[in-house]
Amino acid sequence: MSDPGEISEDRGFKALISSYPIEAIEVFVPELLAERGRPITATVLQQESTMPDLADTSRFLDVAHLATWADGSQAVIMLVEHWSQARKVDMRRVLWYVADLALRHPLAGVYPVVLLTDPGSQTIPERWEMTVAGKSTIALHVRVFRVTAAELPRLRSLQNRVAAILTILAARDAVDGVVAALEQLARSPGPFDDVRRLLPFAVNLAKMPESDKPRFRRRLEEAGMVNVITLMEEEARAEGRSEGRAEGRAEALAQTSHATVATFRRLVDSGVLSSAAARAELHNLMDIGAITREIGQEALSQFQ
């Protein structure tokens with residue numbers, strides 16, 4: 001598992017939204033899906049935006065998705081600009097990106113979203129206007145998205161991994177927030193390995209203090225979350241190294257293997273994980289030597 005401290009908030013959101021573009025549209029612009037249904041494609045656009053002055057360095061969008069629908073209706077680009085501090089939000093920069101996308105994709109409409117993760121109360125207007133000589137020359141409308149208490153029930157109701165991660169922003173307790181988000185991640189469509197891949201980002205987003213880590217670990221174990229497998233593997237291998245004996249390592253691996261199988265059984269029984277996903281992950285763990293092949297093969301028969 002990566003060190004959560006190494007994963008910036010901006011980098012984490014870019015990876016999340018780029019991996020789940022349609023889910024991001026469902027979270028940020030639900031009325032678009034209500035109006036047109038789910039798009040047939042949603043592709044991530046090139047992030048570099050060329051500056052008009054060649055002496056300036058290029059700027060980078062946060063994330064922009066081009067969505068298209070089967071009926072041939074007009075494509076829409078959803079631009080998501082992430083800001084961690086309200087005081088730094090720069091609508092002129094957002095305007096530049098909107099104009100650049102509109103020039104590069106003249107047949108698509110652009111819908112700008114400002115994702116604000118600042119926990120403060122500073123208000124960001126959703127309309128930015130330039131007025132000259134009493135005339136409005138530019139008017140930019142954006143959606144400023146903050147995870148509020150009012151927004152939380154909708155996010156939790158979605159089978160959606162973008163929504164799951166965003167719920168952490170409104171959690172009063174870091175441990176409760178991350179565990180709930182991981183459970184929602186496991187229930188939502190997407191590659192099974194992404195639950196583990198997103199764990200460091202979830203912990204970082206919750207700003208979980210070191211003092212909460214032991215409680216977090218216990219909650220993962222109690223919930224039967226697959227992510228705890230990584231922690232158990234590390235402990236088992238460390239124990240085997242400290243004993244310095246082959247039999248110690250074998251015993252530790254066997255214990256880890258049995259614990260891993262029990263974790264999968266709880267997840268399948270509770271409906272969090274399908275039998276097919278459990279079988280696929282067991283095959284993967286056997287291939288990398290994280291569990292013994294004998295115990296893994298025996299467990300496969302339990303998930304038909």
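The values are calculated or read from the model by the stated rules, or taken from the named source; none is laboratory data. All figures in this text were calculated on a predicted structure; none of them were measured in a lab. So basically every Cβ, Gly included, is an ideal-geometry build from the backbone, and we count neighbours across all protein chains shown. All accessible areas refer to the heavy atoms of the entire protein, side chains included, with ligands and DNA or RNA removed. Shrake-Rupley method; radii C 1.70, N 1.55, O 1.52, S 1.80 Å.
Potential lengthening of the chain between Thr148 and Gln122 amounts to 8.0 nm, from the contour at 0.36 nm per residue minus the alpha-carbon distance. Using a simple spin-label model with pseudo-atoms 7 Å out from Cα toward Cβ, His258 and Glu222 lie 2.4 nm apart. Of the trypsin sites (Lys or Arg not before Pro) found in the stretch 103-206, the ones in coil according to DSSP and having at most 11 other Cβ atoms within 10 Å of their Cβ are Arg172. Taking label positions 7 Å along the Cα-Cβ direction at both His141 and Arg265, the computed distance is 5.7 nm, reported to one decimal. Across Leu79, Leu107, the residue with the most accessible area heads the list, and the full order at a 1.4 Å probe is Leu107, Leu79.
Near Val113, the amide H atoms lying under 5 Å from its own belong to Leu79, Val80, Glu81, Arg143; only residues 5 or more places off or on other chains count, and H is placed 1.01 Å from N.
Cross-link partners for Lys88 among the lysines, with Cα-Cα distance under 20 Å and sequence neighbours closer than 8 places in the same chain left out: Lys14. On the beta carbon distance between Arg93 and Ala133, with R0 = 30 Å, the FRET formula returns roughly 0.75. These residues, Ser211, Ser84, go from largest to smallest accessible area, 1.4 Å probe, as Ser211, Ser84.
Dividing the alpha-carbon radius of gyration of the stretch 132-207 by the rule-of-thumb value 2.2 N^0.38 Å gives 1.48.
The largest accessible area among Trp128, Trp96 belongs to the first residue in Trp96, Trp128, and the rest follow in falling order (1.4 Å probe, all chains).
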